[in-house]
Amino acid sequence: MIDTVIPLFGPIPGGPELLIILLVLVLLFGANKIPKLARSTGQAMGEFQKGREEVEDELEQMRQGKGSRDDEEDEPTPDIGADSTEADRDTDRDAVTERETETERNN
């Protein structure tokens, strides 16, 4: 194994570099948008981490032989959209459009 870790993009920025980056962020996005941007970035990173852990768990189960299809019983997949009518789909579209409009008003 490799004993040392070689950084991909060079050294991590220090104090003055971080201040310049922060100043550029404030100029580009404005002071009001930065907390929202940081929150959404954190949520995206959390979702990515959760997905990565799920994939790692599945791979580990496959390595241990628990994930083979021969051992599992085949369960029928429910047909999700079979009962929905055109009116239901229109109602769902209206609700999504209403939420998008409300979100645009808040921004």
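The values are calculated or read from the model by the stated rules, or taken from the named source; none is laboratory data. Quick caveat: nothing in here was measured; it's all calculated off a predicted structure. Note that we place each Cβ from the backbone using ideal geometry, even for glycine, and neighbour counts take in every protein chain shown.
The residue pairs whose first member lies in the stretch 41-61 and is among the polar types (S, T, N, Q), whose second member is outside any helix (DSSP H, G or I), and whose beta carbons are closer than 6 Å, counting only pairs six or more residues apart or on different chains, are Gln61/Gly67. Number of residues in the stretch 26-73 that are among the small types (Gly, Ala, Ser), modelled with pLDDT of 90 or more and within 23 Å of Asn106 (Cβ to Cβ): the value is 4. Residues that are surrounded by 10 or more Cβ atoms within 10 Å (Cβ to Cβ) and at pLDDT below 70 occur in the stretch 77-84; there is at least one.
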